[in-house]
Amino acid sequence: MRIEVNTEPLHRQQSEAIVVPLFEEEQRAGRPWQGVDRALSGIISAILKSGEFKPTANATSVLHAPKPLPAERVVLLGLGKKDKVTPRTVCEAFGAAVKEVRKLKRKSIATFVPEASPAGDLASAIVEGTRLGQYEFVRYQTEKKDELPSVEHLIIAAGDVRQARRIESAARTGQIKAESVAFARDLQNLPGNELTPVHLADAADALASEVGLSCEVWDENDIARWGMHTILAVGQGSKNPPRIIILRHEPRRADVPTVMLVGKGITFDSGGISIKPGQGMEEMKMDMSGAATVIGAMKGIAQMKLPVRVWGIIPAAENMPGGNALKPGDIIKTYSGKTVEVTNTDAEGRLVLCDALAYAAEQKPDAILDLATLTGACIIALGHVAAGMMGNNDTLMDQIRVAADRTGDRVWPLPMWEEYNELVKSHVADLNNAGPSRIAGTICGAKFLEPFVGDIPWAHLDIAGTAWGATDTPTTPKNLGAGWGVRLLLQFLKEYKK
Ligand code: BES
Ligand code: ZN
Ligand code: ZN
């Protein structure tokens, strides 16, 4: 999608459709769209005044545009109440607008940035919404339904040259963010037969050469040599061998903080010998969503040239019940030296993560964040609205919460009180991987991981409920990957101070 920012008034823009974003309170012609209203003989303000169109969030209404407007259609777009507007609501609204424009078979949009703070974020949100509102995953559909044309050109009209410059830079970031989210979604949506750990490593490697990251991939022999036995253990029931993928963003400046991002990369989770019920098991191709988020974020980090040293570490494996599979009761020695009794092979995420986290902690970074579709219990606790956040450092978690609220990838804290430590102890090893059934399941996951990061500031995001689209919204399709957390990570890292 080509993006253009110029200072022509909206009614003179050479585009096939004009999108007029409106707050619910608006009744009189606002300056950016006065010319459009005039060209339509005051119809827009009349419709608003009469209440025939109420600009509630994501509402749209289509008008035919008469000459002399170069555009053929005008789309009125509701943004909801002005005091409730956030970058995410604007993003969603533009997702709704672009869907409408595609239905009209128009391929270009002219619009403007609504007046609310923070203006830069809103320009970025317009671009994100226009791109992600068009996201689809059709590569396996050989009988294409009536395809709608894509909107290929987005023009943003600015009031003056200074504003245009600001919008241009925000729009560029918006495009990077949107493409990073789309990249993560594509990885999530690939089926398990295609996206094996090896394929995931290839995808990360190809991305690295494209955007200027370095990429290291360890095969099963390397992993064994490193002593990362939990990752081997999870992978040993499958014919598709595990991999460890490390993407590195290394700014030239030395005086920058270091952050490690760790993403759960289970390319398919059958549960292993503690096999899952068949119903809905197909969704477990998305159990590499944490990895997808980290890889998608790494793309954005490189392209935004963020002044932070960032490593993206992905333990990737397929959890299968093959003849050599890990069994309940097995005891594994982890990379850190601690031993783990496997009481449930379906709690495989924390197994692959514990070795990756111990390795991350060994690098002595300023912070470690991990993202994982770790527990079904997190969906029970928070639904599909927020990720569960746990960790060992309140300052770090505060920084993440601020970035989460700002981007709309929301997080909510769960406690890590000492009393929960009992739940992950084992009578034969140092830890057990599953905890008692139906008791604080999400916290047990985090409590299991906690000892592996030592005293490095760490936050764990359980994204089981947010990674996958549960309902259709204008920018996140149902039953497909949501790319959740990519924008959160980019926002967090942009503001990160140790
Ligand atoms: N990948 C699942 C968690 C999950 C469930 C993610 C539903 C997304 C949607 C994870 O590996 C798992 O199976 N966890 C178990 C842990 C239990 C055995 C301690 C769970 O949640 O039941
Ligand atoms: Zn599992
Ligand atoms: Zn899993």
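For every residue, the table says whether it meets (1) in contact with a Phe, Trp or Tyr (Cβ under 9 Å, 6 or more places away or on another chain); (2) part of a helix (DSSP H, G or I); (3) on the phi > 0 side of the Ramachandran plot.
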residue: His11; (1), (2), (3): yes, yes, no
residue: Glu24; (1), (2), (3): no, no, no
residue: Pro32; (1), (2), (3): yes, yes, no
residue: Phe53; (1), (2), (3): no, no, no
residue: Phe94; (1), (2), (3): no, yes, no
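When only residues in the range 349-362 that are within 18 Å of Leu396 (Cα to Cα) and out of contact with any Asp or Glu (no Cβ under 7 Å at 6 or more places or on another chain) count, which is nearest to ligand 3 (Cβ to nearest atom)?
Taking the range 349-362 as the starting set, the residues that turn out to be within 18 Å of Leu396 (Cα to Cα) are 357, 360-361.
With out of contact with any Asp or Glu (no Cβ under 7 Å at 6 or more places or on another chain) added as a condition, the list becomes 360-361.
On the way: Ala360: 19, Ala361: 22 Å.
Residue satisfying both the conditions and the ranking: Ala360.
Within the range 261-280, restricting attention to residues that are in contact (Cβ under 8 Å) with a residue 60 or more places away in the chain, within 14 Å of ligand 3 (Cβ to nearest atom) and within 20 Å of Ile314 (Cβ to Cβ), the residue that is nearest to the chain's Cα centre (by Cα) is Gly263. Quick check on the range 256-276. Is at least one of its residues away from ligand 1 (no atom under 16 Å from the Cβ) and of a type in the set (D, E, K, R)? No, that holds for no residue. Does Ala291 fit the bill of being in contact with a Leu (Cβ under 9 Å, 6 or more places away or on another chain) and among the hydrophobic types (A, V, I, L, M, F, W, C)? Spelling it out, Ala291 is indeed in contact with a Leu (Cβ under 9 Å, 6 or more places away or on another chain) and among the hydrophobic types (A, V, I, L, M, F, W, C).
This table checks each residue for (1) within 16 Å of ligand 2 (Cβ to nearest atom); (2) among the hydrophobic types (A, V, I, L, M, F, W, C); (3) farther than 25 Å from Ala297 by Cβ; (4) out of contact with any helix residue (DSSP H, G or I) (no Cβ under 6 Å at 6 or more places or on another chain).
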position: Ser336; (1), (2), (3), (4): no, no, yes, no
position: Gly349; (1), (2), (3), (4): yes, no, no, yes
position: Lys364; (1), (2), (3), (4): no, no, no, yes
position: Ile368; (1), (2), (3), (4): no, yes, no, no
position: Thr375; (1), (2), (3), (4): yes, no, no, no
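Against the definition (under 29 Å from the mean Cα position of the chain (by Cα) and more than 20 Å from Gln27 (Cβ to Cβ)), how does Arg73 come out, yes or no? Against the criterion (under 29 Å from the mean Cα position of the chain (by Cα) and more than 20 Å from Gln27 (Cβ to Cβ)), Arg73 does not qualify.
In this structure, is Thr343 among the β-branched types (Val, Ile, Thr), in contact with a Pro (Cβ under 8 Å, 6 or more places away or on another chain) and within 13 Å of ligand 1 (Cβ to nearest atom)? Full working, then the answer.
Values: among the β-branched types (Val, Ile, Thr): yes; in contact with a Pro (Cβ under 8 Å, 6 or more places away or on another chain): yes; within 13 Å of ligand 1 (Cβ to nearest atom): yes.
Considered against the rule, which asks whether it is among the β-branched types (Val, Ile, Thr), in contact with a Pro (Cβ under 8 Å, 6 or more places away or on another chain) and within 13 Å of ligand 1 (Cβ to nearest atom), Thr343 comes out as yes.
For every residue, the table says whether it meets (1) among the basic types (Lys, Arg); (2) free of Cβ contacts under 8 Å to residues at least 40 places away in the same chain; (3) exposed (fewer than 15 other Cβ atoms within 10 Å of the Cβ).
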| residue | (1), (2), (3) |
| --- | --- |
| Pro413 | no, yes, no |
| Asn433 | no, no, no |
| Pro436 | no, yes, yes |
| Pro457 | no, no, no |
| Ala467 | no, no, no |
| Pro477 | no, no, no |
| Leu493 | no, no, no |
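Checked against (1) away from ligand 2 (no atom under 16 Å from the Cβ); (2) of a type in the set (Val, Ile, Thr); (3) within 14 Å of Val352 (Cα to Cα), Ile231 passes all but condition (1).
For Ala46, indicate whether it is small (Gly, Ala, Ser), over 30 Å from Arg406 (Cα atoms) and modelled with pLDDT under 95.
Working: small (Gly, Ala, Ser): yes; over 30 Å from Arg406 (Cα atoms): yes; modelled with pLDDT under 95: no.
Criteria not met by Ala46.
Please verify whether the range 350-368 includes one or more residues that are over 18 Å from Met260 (Cβ atoms), crowded, with 19+ Cβ neighbours inside 10 Å and either within 10 Å of ligand 1 (Cβ to nearest atom) or hydrophobic (A, V, I, L, M, F, W, C) (or both). Yes, the range 350-368 contains at least one residue that is over 18 Å from Met260 (Cβ atoms), crowded, with 19+ Cβ neighbours inside 10 Å and either within 10 Å of ligand 1 (Cβ to nearest atom) or hydrophobic (A, V, I, L, M, F, W, C) (or both). Residues that are assigned to a loop (DSSP other than H, G, I, E, B) and over 11 Å from Leu357 (Cα atoms) were ranked within the range 442-460; the one that is nearest to ligand 2 (Cβ to nearest atom) is Pro457. Could you say whether any residue in the range 339-347 is touching a helix residue (DSSP H, G or I) at 6+ places or on another chain (Cβ under 7 Å), away from ligand 3 (no atom under 15 Å from the Cβ) and not hydrophobic (A, V, I, L, M, F, W, C)? Within the range 339-347, none of the residues are touching a helix residue (DSSP H, G or I) at 6+ places or on another chain (Cβ under 7 Å), away from ligand 3 (no atom under 15 Å from the Cβ) and not hydrophobic (A, V, I, L, M, F, W, C).
Just give me the residues in the range 229-247 being over 23 Å from Ala297 (Cβ atoms) and either buried (at least 24 other Cβ atoms within 10 Å of the Cβ) or free of Cβ contacts under 8 Å to residues at least 12 places away in the same chain (or both), in sequence order. Within the range 229-247, Thr230, Ala233, Val234, Gly235 qualify. Scanning the range 48-64 for residues that are in contact (Cβ under 8 Å) with a residue 12 or more places away in the chain and under 38 Å from the mean Cα position of the chain (by Cα) yields Leu48, Phe53, Lys54, Pro55, Thr56, Ala57, Asn58, Ala59, Thr60, Ser61, Val62, Leu63.
The values are calculated or read from the model by the stated rules, or taken from the named source; none is laboratory data. Keep in mind it's a predicted model, so treat the numbers as computed, not measured. Glycine gets a Cβ as well: all are built from the backbone with ideal geometry, and neighbour counts include every protein chain shown.
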